[in-house]
1. Being in a strand (DSSP E or B), surrounded by fewer than 21 Cβ atoms within 10 Å (Cβ to Cβ) and in contact with a Leu (Cβ under 9 Å, 6 or more places away or on another chain): is that true of A:Val74 here?
2. Find the residue count for the range A:328-374, including only residues that are over 30 Å from A:Trp507 (Cβ atoms) and either without any contact (Cβ under 8 Å) to a residue 24 or more places away in the chain or touching a Pro at 6+ places or on another chain (Cβ under 9 Å) (or both).
3. Look through B:Ile217, B:Ile212 and report the one residue that is more than 14 Å from chain A (Cβ to nearest Cβ), without any contact (Cβ under 8 Å) to a residue 60 or more places away in the chain and among the aliphatic types (A, V, I, L, M).
4. Pick from A:Val141, A:Val131, A:Val158, A:Val163: which is in a loop (DSSP other than H, G, I, E, B) and either modelled with pLDDT under 90 or of a type in the set (A, V, I, L, M) (or both)?
5. Only one residue in B:Ala15, B:Ala23, B:Ala37 is in contact with an Asp or Glu (Cβ under 9 Å, 6 or more places away or on another chain) and at pLDDT below 90, so which one is that?
6. Please state which one of A:Glu272, A:Glu277 is part of a helix (DSSP H, G or I) and modelled with pLDDT under 90.
7. Just to be sure I understand the filter: pairs with C-beta atoms under 7 Å, separated by 6 or more residues or on different chains, first member in the range B:74-92 and among the acidic types (Asp, Glu), second member buried (at least 16 other Cβ atoms within 10 Å of the Cβ). Which pairs pass?
8. Could you list, in sequence order, the residues of the range B:117-146 that are charged (D, E, K, R) and within 8 Å of chain A (Cβ to nearest Cβ)?
Amino acid sequence: MSDSQVIKPEGLTIDWRSDKTNRRVRRRYAANRRLQAYGIIAIVLAIGLLGVLVTSIVSTGAPAFVQTKVDLQVDIDSAKVDPQDPASGNYRTIFREAVASAVPGVTSKNQRSIGKIFSSDAPYILRDYVVSHPDVIGKTVTLAIPVSDPFDQLYKGVIPLEVDALSWSQAGWFERLTNRGVVVEQDGRTGLKLDVYIDPAKVEAGPPPSGEFAALARKSLQAYLPNVRDSSLSKMLADDAPEAIAKRIAADPGVIGKTVQIVFPVSAPYAELAKGETPKVLNPRYSPDQIEAFDTLKERGLVHSPFNWELFFRADSRFPERAGLAGAIAGSFYALLVCFLLSFPIGIAAAVYLEEFAPKNRFTDLIEVNINNLAAVPSVVFGLLGLAVFLGYFGLPRSAPLVGGMVLSLMTLPTIIIATRAALKAVPPSIREAALGVGASKHQVMMHHVLPLALPGILTGTIIGMAQALGETAPLLLIGMNAFIPSVENVGLLEPATSLPTQIYSWADSPERGFVSRTSAAILVLLGFLVLMNVIAVALRHMFERKW
Amino acid sequence: MEAKVAPQPAVQTPAPPVPETKAGTSPAEQHALKMKASNVNLWYGEKQALFDVDLEIFDRSVTALIGPSGCGKSTFLRCLDRMNDVIDGCRVSGDIRLDGQDIYDPHVDPVQLRARVGMVFQKPNPFPKSIFENVAYGPRIHGLCSTKAELEEVVVGSLTRAGLFEEVKDRLQEPGTGLSGGQQQRLCIARAISVNPEVLLMDEPCSALDPIATARIEDLMEELKEQLCIVIVTHSMQQAARVSQRTAFFHLGKLIEVDQTSTIFTNPKEQRTQDYITGRFG
């Protein structure tokens with residue numbers, strides 16, 4: 001004790017076993033644990049949110065990866081198709097006959113509505129098939145014809161066959177009437193006991209009695225539900241409800257001009273509601289004969305849902321059951337190709353110059369600051385720039401992947417430059433010195449030693465920049481790269497095109513139910529490409545990485 | 001030819017420098033003047049790092065530069081092959097001549113100069129390539145060999161001169177970075193001498209090595225100095241005493257004293273040299 005006092009200055013004697021010290025140690029450990037806990041909470045939160053996102057996209061998008069189809073026996077009648085000119089055959093009739101043979105009891109009355117079970121593209125599918133297989137003319141072939149979007153959704157269980165007959169507010173009105181004690185049971189029917197003023201101006205005693213009974217019944221109901229529209233009130237009463245007034249007048253003509261209590265039967269859904277059931281009606285998208293015909297097709301085992309290859313190999317369509325991503329994938333590919341060819345060499349050249357050759361002065365500082373800021377500029381601004389300069393000034397074609405790629409390369413350049421500079425900086429100076437020491441010129445040092453060592457970093461940065469560009473929507477929308485591309489054949493650098501993200505945008509905008517799941521499926525495809533690119537980035541890094 | 005210095009590893013040398021007597025000869029004086037620096041001043045930006053350094057370096061001998069950290073000895077060494085050129089804001093004035101030619105003359109190509117004046121660095125820095133490629137790189141970029149056989153001959157010759165060939169002859173295609181520290185440093189020496197430099201600059205070549213590897217490098221320097229001129233920067237005064245014929249003492253950017261190694265370590269003229277070699281500072 002006295003020894004330590006000799007060594008240490010006065011007042012710094014520490015008892016490492018005192019309560020105070022122990023408390024401090026405990027506090028330190030607690031702080032450590034807290035810090036770890038915050039980190040774990042943050043990670044769990046992030047993973048949880050990501051999980052929710054992915055789950056919701058996958059569950060929404062999964063139905064789009066299969067497509068409901070019906071196997072139809074199609075008789076390609078040589079009388080209706082000219083073998084010399086198969087494209088101009090009467091495929092509408094052929095298709096109608098094929099449907100009629102598959103569904104017994106199609107009449108001329110309901111053939112139109114039953115035809116709507118199938119995609120509106122069906123005659124063209126037949127035509128394309130016959131054009132590519134001319135030898136089937138005169139034969140009967142079995143073709144899988146996609147069903148239209150409502151039936152696709154019905155078969156996948158996305159849309160229910162029956163929906164609630166009463167809305168939430170309609171059920172609320174009825175509850176109000178129940179609470180007022182108006183709802184009664186009479187003659188085995190649910191009725192509403194209402195006070196009716198038999199207006200002499202509106203009825204004739206008859207016999208038989210006539211007059212605006214429906215209006216009177218509505219008016220008496222309105223006394224209980226003052227803010228409800230007339231049509232809704234009428235729907236609440238059964239169709240034969242006004243006759244109750246007529247019966248009453250017939251029984252006793254003296255009620256005219258008086259207020260009497262009359263029980264009106266309610267309409268069927270409300271009667272079900274009164275019994276405590278949830279009334280259902282057929283989904284208004286379908287008609288009963290359509291459902292009957294579809295059930296017949298199902299019973300005959302003709303309906304099946306194979307994997308939806310058309311999602312990948314067909315271009316866009318107005319009908320969701322026929323819409324695919326091939327046009328968008330091709331457009332994105334061309335745009336990314338242009339983007340890569342422009343930004344990779346320019347980015348590396350700029351980074352190498354700035355990092356290795358540029359003198360350090362105010363001007364290069366300014367350039368550096370600007371490049372770093374460019375990386376943070378919102379992409380829509382680049383889109384405006386592309387619109388003004390590439391389209392407006394240089395007059396390049398609208399919607400073209402060339403312009404899209406040029407705009408995207410503006411966005412990718414700063415990312416590549418920053419990543420390349422970081423990779424160049426990370427090359428140890430000893431390697432440069434070693435090369436300079438044996439008499440390599442600056443150019444040789446760069447090309448033989450620094451760039452190969454920096455390559456994994458450069459490639460990673462480039463691919464991450466390209467992945468960003470792949471997902472970029474706003475600039476492409478501004479230069480019009482969201483064209484409707486119904487065919488993959490004429491996609492080219494200078495042709496109008498669309499891209500994956502803009503395709504997602506336009507599908508998300510479409511009202512058809514089928515596009516909801518297709519939008520999610522397209523997002524999954526886009527995410528798949530992004531994951532693929534990142535995997536390539538990691539693989540390249542491993543491949544080129546060398547230890548020193 | 002004087003006796004081999006320090007056949008034993010350096011660890012066995014006692015702490016105060018006990019320089020061996022050089023058998024009364026002055027080997028450096030027998031050789032021609034190889035490099036001559038006069039009035040060399042150097043600035044890193046605003047800060048002056050070298051003040052009026054005058055030094056003569058003789059062929060076929062070892063010149064050691066000693067001094068405390070930050071005294072400018074490495075900086076001066078890097079002036080001799082213009083490695084300072086690549087440092088931003090570095091400015092050199094004065095006159096450094098190689099065989100009578102001013103190396104800072106605008107007509108002199110620094111890249112060719114660095115082929116004539118090779119350099120070995122403090123930390124072994126082989127390229128992340130094969131052993132063969134490491135040594136072949138210099139001859140290749142200078143176009144010294146026209147055929148593959150010639151190149152192989154140069155590589156094998158350089159590795160042999162660097163005393164590494166026997167150890168690596170079976171694995172020339174393996175990465176140079178896989179060798180031990182001492183082997184890596186000898187590989188770097190092989191790489192430096194593969195282009196037949198006239199002067200070899202060594203910047204603390206043994207400071208990252210263990211005593212046995214150090215001893216091997218020192219033996220190697222002994223052999224190499226028969227063919228070329230070596231300038232070595234070292235923190236170890238024992239090493240300077242063992243390997244060098246002339247020693248220059250730097251302090252605070254100034255060349256304090258330069259003389260025969262034996263003179264410096266036994267009878268220095270300057271008080272500061274005396275203080276440094278006896279361990280009073282530094």
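1. Values: in a strand (DSSP E or B): yes; surrounded by fewer than 21 Cβ atoms within 10 Å (Cβ to Cβ): no; in contact with a Leu (Cβ under 9 Å, 6 or more places away or on another chain): yes.
The answer is no for A:Val74.
2. Within the range A:328-374, the subset over 30 Å from A:Trp507 (Cβ atoms) is A:344-374.
From what is left, the residues that are either without any contact (Cβ under 8 Å) to a residue 24 or more places away in the chain or touching a Pro at 6+ places or on another chain (Cβ under 9 Å) (or both) are A:345, A:347, A:349, A:353, A:358-374.
Within the range A:328-374, residues that are over 30 Å from A:Trp507 (Cβ atoms) and either without any contact (Cβ under 8 Å) to a residue 24 or more places away in the chain or touching a Pro at 6+ places or on another chain (Cβ under 9 Å) (or both) number 21.
3. B:Ile217
4. Details: A:Val141 fails: in a loop (DSSP other than H, G, I, E, B); A:Val131 fails: in a loop (DSSP other than H, G, I, E, B); A:Val163 fails: in a loop (DSSP other than H, G, I, E, B).
Answer to the selection: A:Val158.
5. On the way: B:Ala15 fails: in contact with an Asp or Glu (Cβ under 9 Å, 6 or more places away or on another chain); B:Ala37 fails: at pLDDT below 90.
So the residue among B:Ala15, B:Ala23, B:Ala37 that is in contact with an Asp or Glu (Cβ under 9 Å, 6 or more places away or on another chain) and at pLDDT below 90 is B:Ala23.
6. Numbers: A:Glu277 fails: part of a helix (DSSP H, G or I).
Just a single option satisfies the conditions, and that option is A:Glu272.
7. Pairs found: B:Asp81/B:Leu113; B:Asp81/B:Arg114; B:Asp81/B:Val117; B:Asp81/B:Met119; B:Asp81/B:Leu201; B:Asp85/B:Pro110.
8. From the range B:117-146, those charged (D, E, K, R) are B:123, B:129, B:133, B:140; that's our starting set.
Across the range B:117-146, the qualifying residue is only B:Lys123.
The values are calculated or read from the model by the stated rules, or taken from the named source; none is laboratory data. Treat the numbers as computed from the prediction; the structure is a model and nothing was measured. Every residue, glycine among them, receives a Cβ derived from its backbone with ideal geometry; neighbour counts consider all protein chains shown.
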